[in-house]
Structures are given as C-alpha cells and as structure tokens.
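S.K.: Submitted below is the structure of interest, expressed as structure tokens.
Please treat every number below as a calculation from the coordinates, not as lab data. Keep in mind it's a predicted model, so treat the numbers as computed, not measured. No Cβ is skipped: glycine too gets one built from the backbone with ideal geometry, and neighbour counts run over all protein chains shown.
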Amino acid sequence: MSAPHAAAFRSEIAHPRLSRVGLGAYPLGGPDQSGTAEATGRACFDAARDAGCTWIDTGEVYHATANEELIGRIGLHGLAIATKVAPRPAGSGLRPDEIRGACVASLSRLRVDVIDWYYLHWPDDSGVPIEDSWGAMRSLVDEGLVRSVGVSNFGIELMERCRSVGPIEIVQLGVSLVDHRGSRSIARWCGELGIPVTAYEPLANGLLAGAVTSATDAKAWAARDVDTWPFFQRVLKGEALVRTRAILDTLHEWSARLETPVAQVALGWVLAQPGVSSVLPGSRTVDHVRINAGAATLRLPSEALLALEDVASQAAG
C-alpha cells in the first residue's frame, strides 16, 4: 500500500474519549519521598489535558505497581485511564480469578471506581487458555469494573480466539518508523474490523524524539542498553544501524522542510498507518507533552509519507 492510500485509510473509529495522542505514564516512574514525581506528573497531566489529550496509559507491571500508585496520588482530573494485567511471573496472572483480583487492585491504586480501558498486557505462555482469560475480561465489563477491554501485543490468531468469546474493543501494538515487526498488518486487520488501535513506543523509546540526529549518536545514547535490551539490538546493532541512520536522516530532513518538530513528524507517520487511531508517546516533561500533542492535528503531505515509507519499509518489521 502506498503512503497516500494509507493516509486515506486512517481509522477514525476511536472511542469518544480516545484522543489521537495519549500520554504514556511509564516515564514518570512511581511515588518518591520528596514528592518530585507527583509534582512532575501533575504538571504533565495538566499540560496533556490543556493540549487536547484525553487519556493516560499505565500498567500493573510499570515500576512494580508504583506507576499506578503515582497516578492515584496525582488524580486524573477528568482524564480517562488505561491499564493492563500481565501474565505471571511479572504480573498478577491471567487466570480468571487472578484477572479480577488484579483489576480490583488497580482500581484501588488508581483511586477510581471504573477503568476506561483494561488490557491483557501480553499473551500468557503457561497454559492458561486464552478463552478463559477473555471470558474473565468480558465479565469485568458486565460487572461495571471496566468500560472496555482489549489486548496488547497479541497476534491475529489469538485475537480471533478472544473474539469467539466476546468482542475486543481496543488493541495496543508497538509501531514506530524504526521498529514495527509485523504490527502494521495487524493494525490494518483491526481497522477493517472497526477495532481502534493505539500505538505504543511511536517515538522508539525517545530515539525519534528529536535529540538524536544520527545513528552514531543513537548508539552512544543507548550504549548502556544496546547489548541487553532486545529493542536496541533490533534497531542499533549490525545492519540495523545502517537502516536506522537512513530513517533518522529522512526524518530530520522532512522535519526541516516542514518546519515541524521531529517528534511530530515521527508521530504523524504512525497516525497515518491503516487502522491506527491513536499514538501513545511517553513523556516526562511538559515541553515534550505539548510537542507530542501537536501531532494530533498534523497531516503529513503525501511526499513526506512516501519518503518515510521508503525508509520505514527497511526497518525491523
């Protein structure tokens, strides 16, 4: 599919409270003794809301539940909330009783009466039937504990099994210019079914946020993680480093030509992908929140989409 066609396909099927740009809360960390995290988080939440963002994303495993605790201490003040339950051993587990227990615990930590979007964070590999897990998720909606349920990091086969039990109302996938590993075809499938997709890590863990201007800089920037974190191995080791250099060069070129922040151009490309309804960049500063939010109204010209698609097609995907 050409980039102009992709832009025309853009999904507008999102939940009424799902703005095109959300706020990933993970970078804000968890509560600390000094109150600095709370003050920073509150400022970012206010900036996001003022810039038109309507929702925040977290998960029970983010900072070992401390991220949810931080959000609870700050308060949502009108923002919607998405969170997730993860398989054991990292999370509470995906057996029906574990899912309900995890949901109740998240409600308590977040200090809310209902969760807007509740996800299975990633597939379980311990033998828990997905049909049992999804039945438990649907029961949370029936019980009024959550408004909508979805899955994160799931493939089409598993999602079809979920749909045999009950509807999937939202899907979360990792999508960025440098790393999309088949997620774009899944997003297209979701779009055809009318399921909104939120794209996490659209700025590739900050790699595409603007500060990194070359792949050499990127390798130095991520040096502590390149050999241990699979994400950086995919985008910064061996031939991947050459592909990342081409992507960064093209991204910065179009940022200059359009006089638009690099992060907004990177987010604009993700938002132009078939099926993608919203992007979820993480932010820990007010300035970054405001810049990222500006991508909600950006429509990249077809020439830019074609150029970015040309280099993105060579990325980890």
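S.K.: In vacuo Debye scattering of segment 192-281, one point per C-alpha: log10 I(q)/I(0) at q = 0.13, 0.20 Å⁻¹?
M.R.: So the normalised log intensities work out to -0.46, -0.96.
S.K.: Please state the relative contact order of segment 198-317 as a whole percent: Cα pairs under 8 Å, 6+ residues apart?
M.R.: 35
S.K.: Average the reciprocal distances over every distinct pair of alpha-carbons in segment 201-246, invert the result, and give the Kirkwood radius in Å.
M.R.: One over the average 1/r among Cα pairs gives 10.4 Å for segment 201-246.
S.K.: Once Lys and Arg get +1 and Asp and Glu get -1 on their Cβ, which of Leu207, Leu267, Leu248 lies farthest toward the positive end of the dipole of segment 190-317?
M.R.: Farthest towards the positive end: Leu207.
S.K.: If you average the sequence gap of Cα pairs under 8 Å that are 6 or more apart and divide by the length of the chain, what percent do you get for the contact order?
M.R.: Relative contact order of the chain: 23 percent.
S.K.: Sticking with this structure for a sec: Charges at C-beta only: +1 for Lys and Arg, -1 for Asp and Glu. How large is the resulting dipole of the chain about its Cα centre, in Debye rounded to 20?
M.R.: 240
S.K.: How tilted is helix 96-110 with respect to the longest principal axis of the chain? Cα atoms for both, answer in degrees (0 to 90, nearest 10).
M.R.: Roughly 70 degrees, rounded to the nearest 10.
S.K.: Once both axes come from the Cα atoms, what is the angle between helix 130-143 and the longest principal axis of the chain, in degrees from 0 to 90, rounded to 10?
M.R.: 70
S.K.: Using the alpha-carbon atoms, what tilt in degrees (0 to 90, nearest 10) does helix 302-312 show relative to the longest principal axis of the chain?
M.R.: 80
S.K.: To continue, here is another question. Using alpha carbons only, how many angstrom separate the centre of segment 253-311 from the centre of segment 33-82?
M.R.: 23
S.K.: Would you mind calculating the relative contact order of segment 35-99 from Cα pairs under 8 angstrom and at least 6 residues apart, reporting the percent as a whole number?
M.R.: 30
S.K.: Among Gly238, Gly206, Gly182, which one shows the highest mean-square fluctuation when the chain is modelled as a Gaussian network with alpha-carbon springs under 10 Å?
M.R.: In the Gaussian network model the winner is Gly238.
S.K.: Ok, one more. Between Ala102, Ala37, Leu173, whose Cα lies farthest towards the positive end of the dipole of the chain when Lys and Arg beta carbons carry +1 and Asp and Glu beta carbons carry -1, centred on the Cα centre?
M.R.: Value: Ala37.
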